[in-house]
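Since the structure comes first, as structure tokens, the remarks are kept for the end.
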Amino acid sequence: MYLTMRQKIVAGNWKMHKNREETKVLISELKALENTSGSRVIIAPSYVSLAFAVKEINNEAAIDVAAQNMDQHSSGAYTGEVSASMLKSVGVKTVILGHSERRIYFGETDTLLKQKVNSAVEQGMEIIFCIGENLKQRESGTYFHVISSQISNVLFHLEAKDVKNIILAYEPVWAIGTGKTATPGQVQEMHAFIREMISWQYNEMVANSVTILYGGSCKPANAVELFSNKDVDGGLIGGASLNAEDFYAIVNANR
Ligand code: 13P
């Protein structure tokens, strides 16, 4: 017997959508809906709405607020950046790191992500760490290698106690915002591979403690099928998280 910390989670990555007023509306709609699945719910609005979102939720609903990014430094002359301690000061304890849009459009490398992960761990932040191959890598059959290096380069220097608290999100780039969802078979295959990698590097107990989410065109219509795979603990949702009904239909599919 071992204590598992594997969680059921559905997280909404709002990306660069929703201003303050729209954030207020969406949060009030979310608060009115019922979570019947017992899954933990996380939303990640833009930086400027984070403090406001925490205030609007006001502990009246079990919804956690996450940031979509953070800087690796603790403070300093880094114009335009936001640190872990600033996030914590407005009640945000979770951060998404390594999203493919950050990697592709903002040049975030494994080296930089390792620094961000270290900073988040030092600050006691919870991390949702995204990994995923692009279409070319999927079609050329190098996807296991891609995922393996994304994970080992950025996370495998960490101690087991810290890795256990990292939520992984497998988001194949070719499935993000494309309407082209990975098949449940493809998702389960990759999630099982990720768990096995963690087991080799650490041990089986650590592997079974890690929460692994799927992301990429996840919708109410395909959520049940995706989440029913044994190594899938929930989802990281983009487009469908901008609509309260759709998002909670996905939350409630994660039993
Ligand atoms: P979509 O759900 O819009 O495909 O986005 C997934 C995603 O990138 C979540 O981080």
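The values are calculated or read from the model by the stated rules, or taken from the named source; none is laboratory data. Remember, it's a predicted structure, so these values are computed and weren't measured experimentally. Cβ sites come from the backbone with ideal geometry, for glycine too, and all protein chains shown count toward neighbours. For the accessible areas, the whole protein counts, side chains as well, though only heavy atoms, and no ligand, DNA or RNA atoms are used. Shrake-Rupley method; radii C 1.70, N 1.55, O 1.52, S 1.80 Å.
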Pair list, Cβ < 6 Å and 6+ apart or interchain, from the range 98-123 residues that are on the phi > 0 side of the Ramachandran plot to residues that are at pLDDT 95 or above: G98/L113; G98/F129; G98/C130
Matching residues, the range 177-189, being under 14 Å from N222 (Cβ atoms) and either within 10 Å of the ligand (Cβ to nearest atom) or open to solvent by 10 Å² or more (accessible area, probe 1.4 Å) (or both): T178, G179, K180, T181, T183, P184, G185, Q186, Q188
Residues (open to solvent by 10 Å² or more (accessible area, probe 1.4 Å) and among the basic types (K, R)) located in the range 63-119: K88, K93, R102, R103, K114
Residue list for the range 156-169, filter: open to solvent by less than 30 Å² (accessible area, probe 1.4 Å) and away from the ligand (no atom under 11 Å from the Cβ): L158, V163, I166, I167, L168
Answer residue from the range 190-238, given it is within 28 Å of M16 (Cα to Cα) and of a type in the set (S, T, Y) and is farthest from the ligand (Cβ to nearest atom) among those: T211
The range 61-80 residues that are under 11 Å from I43 (Cβ atoms) and in a loop (DSSP other than H, G, I, E, B), paired with ones that are modelled with pLDDT of 95 or more and open to solvent by less than 60 Å² (accessible area, probe 1.4 Å) (beta carbon under 6 Å, 6 or more apart): Q68/A44; Q68/I96
Whichever residue in the range 241-255 is outside any helix (DSSP H, G or I) and open to solvent by 10 Å² or more (accessible area, probe 1.4 Å) and, among such residues, is modelled with the lowest pLDDT: R255
Matching helices (runs of 4 or more DSSP H) fully within the range 151-240 where at least 2 residues are among the polar types (S, T, N, Q): 184-201, 204-209
Test result for N153, within 16 Å of the ligand (Cβ to nearest atom) and either surrounded by fewer than 19 Cβ atoms within 10 Å (Cβ to Cβ) or among the β-branched types (V, I, T) (or both): no
Pairs with Cβ under 7 Å, 6+ apart, first in the range 1-25 and under 20 Å from D231 (Cα atoms), second at pLDDT 95 or above and among the charged types (D, E, K, R): R6/D233; Q7/R40; Q7/D233; K8/R40; K8/D233; I9/R40; I9/D233
